[in-house]
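Reading through the structure tokens given below for one structure.
Throughout, read-outs are computed from the coordinates displayed, never taken from laboratory work. Being a predicted model, the structure only gives us computed values, none of them experimental. Backbone-built Cβ (ideal geometry, glycine too); neighbour counts: all protein chains shown.
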Amino acid sequence: MLVSKDFKLKYRRSALGILWSVLNPLLMMAVLTAVFSFMFRFEIENFPVYLILGNTIFALMADSTTTAMNSIIDSAPLIKKIRIHKILFPLEKVLFQLVNFLFSLIAVAAVLLFFRIVPTANVLFLPLLLVYVVTFSFGIGLLLSAAAVFFRDVIHLWSVVVTAWTYATPLFYPTSILQDWMMAIMQWNPMYYYVTYFREIVLWGQTPGLAENAICAGFALAALGAGLLVFHKTQKKFILYV
């Protein structure tokens, strides 16, 4: 019911409605392709596909964590009126963004079709990737939602972090341009692995290795564990601060 309500609110009085979930990644891909193909000239084969794959999976994390961060504060009237498991609110926001991501896959399929790229059987790893990303996003969302209740500055700070994280992840540039010390830092960026995983199974037709899956799962479980720990320790005080 909460997910359905969010869809109605997001697309209320919009002529195109849910089609914006398809149009947004396409329009963003077109703009960034124009900028980085002609101005900065990164030589990446099938660059629009490379770009839209990175942007859509990164947007799933960014939108999930941002909306989850505000979920407890936005649900204050409901929390004060009835007894309800508070963890449902950040979870619902992440699930809503997952549904939104699934609609954006229509845009991804259209771009693949335009460039005549036929995905291999490795695309069947996509549900596993989504489990990793959703778990990771939910964990971070729990941390942020708990922190935002007590420190509203977290809401403003997170927008800066996401912007910096966008440029620190190879969404629109190749890792080949990075120096060795930059690549060493990149190894600690969870989104680098999730973005690369998505491109491997869809664009490059590669099978993710056991080590790659272990790293992706490790980041996801670490984020979830930290998020659950902080959320459960602080949730009893939420009603005093919302």
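Per-peptide packing, taken as the mean over residues of other Cβ atoms within 10 Å, places 95-104, 143-152, 52-61 in the sequence 52-61, 143-152, 95-104 from highest down. Dipole orientation for the range 18-241: of the candidates P127, L240, V99, L240 has the Cα lying most toward the positive pole (charges on Cβ; Lys, Arg +1; Asp, Glu -1).
Based on C-alpha pairs under 8 angstrom that are at least 6 apart in sequence, the range 18-241 has a relative contact order of 31 percent.
At an R0 of 22 angstrom, the distance between the Cβ atoms of R152 and H85 translates into a FRET efficiency of 0.40.
Computed about its Cα centre, the charge dipole of the range 18-241 is approximately 980 debye, with only Lys, Arg, Asp and Glu carrying charge at their Cβ. Taking a ≥ b ≥ c as the square roots of the eigenvalues of the Cα gyration tensor of the range 98-205, is the shape rounded (a/c under 1.5), prolate (a/b larger than b/c) or oblate? The shape class here is oblate.
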